[in-house]
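First up is the structure itself, then whatever we jot down about it.
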Amino acid sequence: MDERGVFGVRSDRLGQQMVKALEARHFEAMYVKTGAEAKDFILSQVPSGAFVASGGSFTIDQIGLSDALMAREDVTYTPRRLGDTPEEHNEFARRALLSDIYLASVNAITEDGVFVNVDGTGNRIGAISFGPKKVYLIVGMNKVVRTEQDAYDRARYYAAPINRSRFDYGPTPCTMTGKCGDCKSPDCICSYIVTTRLCRPIGRICVILVGESLGF
């Protein structure tokens, strides 16, 4: 047993099954044991001259992928955090829709390959759904759940309050209490909730399952 312990054993077994489930839904899919492996694979897929963008993904930062891409002088990399104002953030998000490669994660994924994402402005789910030529989703096995309802619940009531606390916007119920208040705040992070069950066109989205706990 490696240093990931029983979590790693379970992830290795389930991850291989999930790759087959995702491929049946027309995604490209692969399983790796570590975030370092996921980072190295994606860097190998980014050609010189590519325009690469990413959503506000803690996972991408966590595995060092953002820093690695920023260090590459042969690519144009636009992470979501660029810009000093909301207007500048939104402008970078619009440009990302025309990227060659888009990087993100998901808030929850089922054992049979359906995933759910919650967004405040919709930039991430918009880019995942349409626009960029190729999308890579890096997903820690801690985000795997049993059913679509479980995925919705994880995305809405667990991941969203944590992610909302990362942003310095106005207060919402979840920033005050740590739990969803089903609010209608203009700063709500749960404006858009999207379930993705198939990939079109075939193979446009590549899901990289990682046998570590990554993101929220």
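When only the Cβ of Lys, Arg, Asp and Glu is charged (+1, +1, -1, -1), the dipole of the chain relative to its Cα centre reaches about 540 debye. For the chain, the number of Lys pairs with C-alpha atoms closer than 19 Å, counting only pairs eight or more positions apart or on separate chains, is 6.
Its Cα centre serving as origin, the range 140-210 has a Cβ charge dipole (Lys and Arg +1, Asp and Glu -1) of approximately 240 debye. Centroid-to-centroid, using Cα positions, the range 37-113 and the range 193-216 are 14 Å apart.
Loop-resident GluC sites (Glu not before Pro) (DSSP state other than H, G, I, E or B) in the range 1-107 with no more than 15 further Cβ atoms inside 10 Å of their Cβ: E3, E73.
According to the Cα-based calculation, Rg over Rh for the range 1-52 is 1.08, with Rh computed by the Kirkwood formula. Ligands, DNA and RNA left out, the 1.4 Å accessible surface of the chain is 52% carbon and sulfur atoms. Binned at 10 Å from 0, what are the whole-percent values of the Cα-Cα distance distribution for the range 74-190, short to long? Going from the shortest bin to the longest, the percentages are 13, 39, 37, 10, 0. Placing dummy labels 7 Å off each Cα toward the beta-carbon, the span from R72 to D40 is 1.6 nm.
The residues of the range 95-146 present an accessible area of 29 Å² per residue when probed at 1.4 Å with all protein chains retained. The fraction of all Cα pairs in the chain landing in successive 5 Å bins from 0 to the largest distance is 1, 7, 15, 19, 21, 17, 11, 6, 1, 0, given as whole percents. Each Lys or Arg adds one and each Asp or Glu takes one away; over the other residues whose Cβ falls under 14 Å from the Cβ of Y136, this sums to +1.
For the range 18-147, what does the relative contact order come out to in percent, with C-alpha contacts under 8 Å and a separation of six or more? Taking the mean separation of contacting Cα pairs over the length of the range 18-147, I get 26 percent. Across all Cα atoms of the range 30-77, the radius of gyration (one decimal) and Dmax (whole number) stand at 10.6, 29 Å.
With bins 5 Å wide beginning at 0, the percent of Cα pairs of the range 122-216 falling in each bin runs 2, 12, 19, 22, 21, 14, 8, 2, 0. A cut-off of 5 Å between modelled amide H atoms, ignoring neighbours fewer than 5 places along the same chain, links S54 with T78, R80, L103. Looking at the range 64-143, the trypsin sites (Lys or Arg not before Pro) that sit in a DSSP loop and have at most 12 other Cβ atoms within 10 Å of their own Cβ are R81, K133. Other residues with beta-carbon under 10 Å from the beta-carbon of R204 carry, at +1 per Lys or Arg and -1 per Asp or Glu, a net charge of +2. Expressed in units of 2.2 N^0.38 Å, where N is the residue count, the Cα radius of gyration of the range 90-143 is 1.15. Using the Stokes-Einstein relation with a Kirkwood hydrodynamic radius computed over Cα pairs, the translational diffusion coefficient of the range 159-214 at 4 °C and a viscosity of 1.567 mPa s comes to 94 µm²/s.
The values are calculated or read from the model by the stated rules, or taken from the named source; none is laboratory data. As the structure is a prediction and not an experimental result, all values here were calculated from the model. Cβ: placed from backbone, ideal geometry, glycine included. Neighbour counts: every protein chain shown. The area values use the complete protein model at the heavy-atom level, side chains included, leaving out ligands, DNA and RNA. Shrake-Rupley method; radii C 1.70, N 1.55, O 1.52, S 1.80 Å.
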